[in-house]
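These notes are about the structure you will find just below.
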Amino acid sequence: MRLEYFQMIDKVTELDLEARTLRTANTVPCESPIFEGHFPGHPLLPGVLLFEIMAQSCGMLLLRLHNYDRMAFLASVDKGKLRTFVVPGQVIDVFARLEHDGSGYARLKAEGRVEGKLVCNADVTLKTMPFPAPELRGYLLSTAERIGMPMGDAVIDTVERAGNLTHV
Amino acid sequence: MSTTFETVANIIAETCDIPRENITPESHAIDDLGIDSLDFLDIAFAIDKAFGIKLPLESWTQEVNEGKATTEQYFVLKNLCARIDELIAAKSA
């Protein structure tokens, strides 16, 4: 997890295309400037970043299901709950499930657990649209590779990976 | 038609916190009821689930943006309900 780059997902641990589910493992770094302010003497992963971890896991699932032909943007978070503190060094296991794939949007459910204990959950709505920039698609394909997304029979135009960003 | 309208009106009332009595078949979802695109995603989700269909929001939006259709065709509730009935019929065919 590289908080400063909003790289929240470390690794895909399970993908089930039939059930339309994804599981990711995400380790909170032991050190980050974020913890200098949140909070001095009591470092906590900000709750908004727990929502971001769930949203990114939902997004990576949806992109994989759509063969990376569309981008997904966070539109809303409903029934969001932050159930306990998450601290540096902990591993968050995030489970995302596609509930409904609509026209131009999707609704998913996500939850995060630390050592089996539920720490956060939410209903996530993503708005989907064609990629607004080719380098964005390239970045997400590189991200998928970095986190070990099983690509299976996904048909990917590898030429577009030229859109990689240098810090990936 | 009336069943479809009742379901849609109840969904809108619950989703957008609009008094049910303010919602009529002649209501324009955007102009009269003030529903924005994000709220309409929630409504579309509820309609999709309630009727087992997939409202083609993207193609409707594209048609409106390209001047091939008016918002009234899709977002006046009696017209929206007619489209829903068509989608239900197409699904059953």
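Here segment B:50-93 is assigned +1 on the Cβ of each Lys and Arg and -1 on the Cβ of each Asp and Glu. Its dipole about the Cα centre then comes out at about 160 debye. Using the alpha carbons alone, the radius of gyration of the protein assembly as shown stands to its Kirkwood radius in an Rg to Rh ratio of 1.03. Each label was represented as a point 7 Å from its Cα along the Cα-to-Cβ direction; for residue B:24 and residue A:142 these points are 5.8 nm apart.
Among rounded, prolate and oblate, which fits segment B:47-87 when a ≥ b ≥ c are the square roots of the eigenvalues of its C-alpha gyration tensor, a/c under 1.5 means rounded, and a/b larger than b/c means prolate? Oblate is the answer for segment B:47-87, as a/c is 1.5 or above yet b/c matches or exceeds a/b.
Structural size metrics of segment B:2-92, computed from C-alpha coordinates, are Rg and Dmax of 12.2, 34 Å. From the Kirkwood radius over Cα pairs of segment A:41-85, Stokes-Einstein at 4 °C and 1.567 mPa s returns a whole-number translational diffusion coefficient of 107 µm²/s.
For the pair residue A:17 and residue A:48, label points projected 7 Å from Cα toward Cβ lie 3.7 nm apart. Charging the Cβ of each Asp and Glu at -1 and of each Lys and Arg at +1, and nothing else, the dipole of the protein assembly as shown about its Cα centre rounds to 740 debye. Starting from a Cα-only point model with no solvent, please compute log10 I(q)/I(0) by Debye for segment A:1-82 at q = 0.11, 0.12, 0.21 1/Å. For the requested q values the scattering log ratios are -0.35, -0.41, -1.06. Springs between Cα atoms under 10 Å define the GNM used for chain A, and in it the highest mean-square fluctuation of A:66, A:100, A:42 occurs at A:42. Counting only Cβ charges, +1 for Lys and Arg and -1 for Asp and Glu, the dipole size of segment B:2-92 around its Cα centre is about 380 debye. Only DSSP H runs of four or more residues enter the estimate; each adds -39500 (n - 2.57), and after division by the residues of the protein assembly as shown the mean residue ellipticity at 222 nm equals -11500 deg cm²/dmol. Think of segment B:2-92 as having a plus end and a minus end, set by charges on the Cβ of Lys, Arg, Asp and Glu; of B:30, B:89, B:74, B:89 sits farthest toward the positive end of this dipole. Would you work out which of A:21, A:148, A:76 lies farthest towards the positive end of the dipole of chain A, given +1 charges on the beta-carbon of Lys and Arg and -1 on that of Asp and Glu, about the Cα centre? Farthest along the dipole direction, towards plus: A:76.
For residue B:69, the residues whose amide H sits under 5 Å from its own are B:64, ignoring neighbours fewer than 5 places away on the same chain, with H placed 1.01 Å from N. Between residue A:7 and residue B:38, the modelled labels are 3.0 nm apart [label points 7 Å from Cα along Cα→Cβ].
Assuming R0 = 25 Å, can you tell me the calculated FRET efficiency for the pair residue B:85 and residue A:129, based on Cβ-Cβ distance, to the nearest 0.05?
Between residue B:85 and residue A:129 the formula returns 0.35.
For segment A:52-151, the convex hull drawn through the C-alpha positions has a volume of 107 cubic angstrom per residue. Please give every one of the aspartates and glutamates within straight-line cross-link reach of residue B:68, meaning a C-alpha to C-alpha distance under 17 Å, and leave out same-chain neighbours fewer than 8 residues apart. Once the sequence-local aspartates and glutamates are set aside, what remains near residue B:68 is B:58.
Take each residue of peptide B:43-50, count the partner chain Cβ atoms within 10 Å of its Cβ, and average: the result is 3. The H on the amide N of residue B:76, modeled in the peptide plane, is under 5 Å from the matching H of B:29, each at least 5 residues off or on a different chain. Legend: mean number of C-beta atoms from other chains within 10 angstrom of residue C-beta atoms, peptide A:93-106, equals 4.
Values quoted throughout were computed directly from the atomic coordinates according to the rules given, and no laboratory measurement underlies them. This is a predicted model, so every value here is computed, not measured. Reconstructed Cβ throughout: ideal geometry from the backbone, glycine too, with neighbour counts over all protein chains shown.
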